[in-house]
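Here the structure is laid out as structure tokens; the discussion comes afterwards.
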Amino acid sequence: GNRTLTMIKPNAVANNHIGGIIAMIEAGGFKVVAMKKMKLSPELAGKFYEVHKERPFYDELCEFMSSGPIIPMILEKENAVADYRELIGSTDPAEAAEGTIRKKYAKSKGENAVHGSDSDENAALESAFFFSETERF
Ligand code: GTP
Ligand code: MG
């Protein structure tokens, strides 16, 4: 697949890292094909992260993701899902490689600056979650 879905998470938006993160995304060879700023309700955050509902951090995650505005974006590049996960680095910033977005901008395993889809199938589902057909042309 050639598309993935990312969100700039509330901590990164609140700390004025929107521009820095988009600069790293574009320098990494990705094209921003859709983008908006919005605030998730706890219910919508819960729906987005439904696959994690049995995990111990689920409530904390939904609370954090609805704590402030986020920037969802659809990104385009050959091999987008895998290449983007490489660009963002490990979930835990302590384990993220030098030069990755999370190494630079994540505060903790929870407040880790960005999301990246984990499969082509989820990239398509997550893109449809945030963007209407007229926005993801
Ligand atoms: P995403 O790109 O956001 O999906 O991250 P990921 O695929 O690297 O991690 P995963 O799908 O396993 O977890 C989803 C999100 O839950 C992570 O990005 C974190 O924000 C959060 N998360 C994961 N593990 C923990 C944890 O141990 N504590 C807390 N508070 N949050 C966690
Ligand atoms: Mg994930």
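Throughout, read-outs are computed from the coordinates displayed, never taken from laboratory work. Nothing here was measured: the structure is a model prediction, and the numbers come from that model. As a convention, Cβ positions derive from the backbone with ideal geometry for all residues, glycine included, and neighbour counts pool all protein chains shown.
Things to note:
- Going from the residue with the fewest nearby Cβ atoms within 10 Å to the one with the most, Val114, Val51, Val33, Val81 rank Val51, Val33, Val81, Val114.
- Whole-Hz ³J(HN,Hα) from phi, Karplus 6.51 cos²θ - 1.76 cosθ + 1.60, for segment 6-13, glycine and proline x: 10, 10, 7, 7, x, 5, 6, 5
- Between Glu76, Glu50, Glu63, the GNM of the chain built on Cα springs shorter than 10 angstrom shows Glu50 fluctuating the most.
- Per-residue Karplus couplings for segment 74-88, computed as 6.51 cos²θ - 1.76 cosθ + 1.60 with θ equal to phi - 60°, are listed in order as 9, 10, 10, 5, 4, 6, 4, 4, 5, 5, 6, 4, 5, 5, 7 Hz, Gly and Pro entered as x.
- Taking 0.36 nm per residue of separation and subtracting the current Cα-Cα distance, fully stretching the chain between Lys37 and Glu60 would add 6.1 nm.
- The calculated Kirkwood hydrodynamic radius for segment 3-130 is 14.4 Å, given to one decimal from all distinct C-alpha pairs.
- A simple spin-label model places the labels of Ser108 and Leu44 2.5 nm from each other, with each point 7 Å out along Cα-to-Cβ.
- Using the rule -39500 (n - 2.57) for each DSSP H run of four or more residues, divided by the residues of the chain, the 222 nm mean residue ellipticity is -10500 deg cm²/dmol.
- Extension gain (nm, one decimal) between Ala27 and Asp92, 0.36 nm per residue minus Cα-Cα: 21.1 nm
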